[in-house]
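Structure first, then comments.
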Amino acid sequence: MEPIDVAVIGGGQSGLATAHMLLRHGLRPVVLEASDRTAGSWPHYYDSLTLFSPARYSSLPGMPFPGADRDRYPHRDEVVAYLTAYADRLDADIRTGQRVTAVQRDGSAFQVTLEGGSRLAARAVVAASGTFGRPHRPALPGLQQFTGRVLHAADYRSPSPFAGRRVVVVGAGNSAVQIAAELASAAHVTLATRGPVKFAAQRILGRDLHFWTARTGVDIAPLGRLLPRPPAQPVLDDGRYRAALAAGQPDRRSLFTGSDGAKLLWPDGEREEVDVIVLATGYRPDLPYLSDLGDALDSERKPQHREGLAIGVQGLAFVGLEWQRSLSSNSLRGVGRDAKRIARRLADYLARW
């Protein structure tokens with residue numbers, strides 16, 4: 001069994017930032033990425049996705065996001081290229097095509113089992129596998145009985161396959177509104193939500209919102225430990241999405257109350273045939289490989305941690321969780337700060353090991 005310092009599970013933005021910080025502490029991390037490339041979930045997002053934060057606020061530690069226009073909102077493919085270049089520059093042992101199937105205690109260390117059966121003996125483990133592998137599909141009224149097509153936003157790429165169809169997008173977050181507005185150019189689309197969509201201005205007094213959250217310290221305030229559950233984020237808007245909803249492209253309705261075959265039942269009593277439901281209902285931490293570690297996960301498979309350090313499992317840490325420590329914890333602009341803290345804590349732990 002191969003002995004290593006730290007197994008970093010996941011080769012996306014969280015795993016790469018963590019590896020960078022561990023190297024600065026003299027540790028030799030091994031990054032284990034299940035896919036064949038080091039770009040995390042970014043290659044799998046919908047084609048038109050752009051960052052919510054400008055390029056100047058979208059960098060991992062040690063490498064600024066490239067491009068002369070620091071105030072532009074980078075496209076998905078730019079992020080993929082950036083993460084690929086970041087990994088290429090990183091002097092770390094990065095192994096792609098290495099899916100972790102189990103992490104178990106082996107004395108004071110961990111036994112990390114890979115798909116295929118090979119194993120590593122790690123003194124510490126960082127779970128940085130993100131959430132894209134576990135799309136959240138809530139138990140909505142009538143959804144199981146609906147005979148039309150149901151897909152998650154994780155499966156959506158572009159509006160062309162939905163041309164002329166009747167589509168209902170469920171959700172009130174950024175992705176839900178963006179996907180619904182884009183689909184409305186090719187299909188008859190309704191955005192179904194439990195309540196009104198909440199918007200936040202993309203720019204205030206000529207500055208992007210992230211300038212103000214950084215200037216005021218809101219972006220880095222350690223509020224995660226004070227929140228029993230992550231609050232819903234408003235939709236960042238430069239005006240186009242409010243205008244689209246106001247024009248009925250898409251329209252918005254309260255969530256359907258049931259289904260009858262391919263027909264959805266709306267709160268006003270209307271029964272309407274629908275071709276496709278798109279669930280833009282978010283994701284949950286994708287950590288099945290930790291199920292043998294007892295206190296690592298709770299009964300809902302959520303990580304039990306305090307600002308990224310596992311509660312009850314010494315030597316185990318998380319990076320990239322939503323509200324792990326702050327508003328920006330699971331973003332390009334903020335994951336480096338959490339990675340820095342976790343790397344320092346693990347270095348201290350291993351120095352005593």
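The values are calculated or read from the model by the stated rules, or taken from the named source; none is laboratory data. Here the structure is a predicted model, which is why all the values come from computation and not from measurement. With ideal geometry, Cβ positions are generated from the backbone for all residues, glycine too; neighbour counts draw on all protein chains shown. All accessible areas refer to the heavy atoms of the entire protein, side chains included, with ligands and DNA or RNA removed. Shrake-Rupley method; radii C 1.70, N 1.55, O 1.52, S 1.80 Å.
Could you work out the pair-distance distribution P(r) of the chain from its alpha-carbon pairs, with 20 angstrom bin width and percents rounded to whole numbers?
Cα pair-distance distribution for the chain, in percent: 28, 54, 17, 0.
Where Rh is the Kirkwood radius over the Cα pairs of segment 204-353, the temperature 20 °C and the viscosity 1.002 mPa s, what D in µm²/s does Stokes-Einstein return?
For the chosen part, D equals 112 µm²/s.
Quick one: accessible surface of M1, probe radius 1.4 Å, all protein chains present, in square angstrom to the nearest 10.
About 120 Å², rounded to the nearest 10.
Treating only the Cα positions of segment 113-174 as identical point scatterers, give the base-10 log of I(q)/I(0) from the Debye formula at each q in 0.24, 0.26, 0.30 Å⁻¹.
Per q value, in the given order, log10 I(q)/I(0) is -1.27, -1.41, -1.48.
Thinking of segment 88-226 as a set of Cα atoms, what percent of all their pairs are more than 28 Å apart?
51
Roughly how large, in nm² to one decimal, is the mean projection of the convex hull of the alpha-carbon atoms in segment 1-73?
Projected over every direction and averaged, the Cα hull of segment 1-73 covers 6.2 nm².
Using all alpha carbons of segment 162-254, what is the percent of pairwise distances in each 5 Å bin, ordered from the shortest bin to the longest?
3, 13, 19, 19, 15, 13, 10, 5, 2, 0
Return the calculated 222 nm mean residue ellipticity for the chain, to the nearest 500 deg cm²/dmol, obtained by summing -39500 (n - 2.57) across DSSP H runs with n ≥ 4 and dividing by the residue count. Each step should come with its number before you reach the end.
Details: 6 runs with 69 residues, N = 353.
Only helices count here, giving -6000 deg cm²/dmol.
Using modelled backbone amide H atoms (1.01 Å from N, in-plane), which distant-in-sequence or interchain residues come within less than 5 Å of D260's amide H?
HN-HN under 5 Å from D260: L265.
Compute the Rg to Rh ratio over segment 1-155 from the alpha carbon atoms, using the Kirkwood formula for Rh, and round to two decimal places.
Here the Rg-to-Rh quotient is 1.05.
Enumerate the residues in segment 148-172 having an amide nitrogen under 20 Å from the point lying 7 Å beyond the Cα of L227 toward its Cβ.
171-172
At a probe size of 1.4 Å, how large is the accessible area of I9, to the nearest 10 Å²?
Roughly 10 Å² of I9 is accessible to a 1.4 Å probe.
In the chain, carbon and sulfur make up what percent of the accessible area (probe 1.4 Å)?
Carbon and sulfur atoms account for 48 percent of the accessible area of the chain.
If you average over every viewing direction, what projected area does the convex hull of the Cα atoms of segment 214-275 give, in nm²? Intermediate values should be presented prior to the final figure.
Numbers: hull surface 30.6 nm².
If you wrap the Cα atoms of segment 214-275 in a convex hull and average its projections, you get 7.7 nm².
Working with all protein chains in place, sort R252, R123, R89, R240 by solvent-accessible area computed with a 1.4 Å probe, largest first. Walk me through the numbers on the way to the answer.
Working: R252 95, R123 55, R89 165, R240 140 Å².
Putting R252, R123, R89, R240 in descending order of accessible area: R89, R240, R252, R123.
Dividing the convex hull volume of the alpha carbon atoms of segment 251-332 by its residue count, what do you get in Å³ per residue? Let's see the in-between values first.
Details: hull volume 14.6 nm³, N = 82.
About 179 Å³ per residue, rounded to a whole number.
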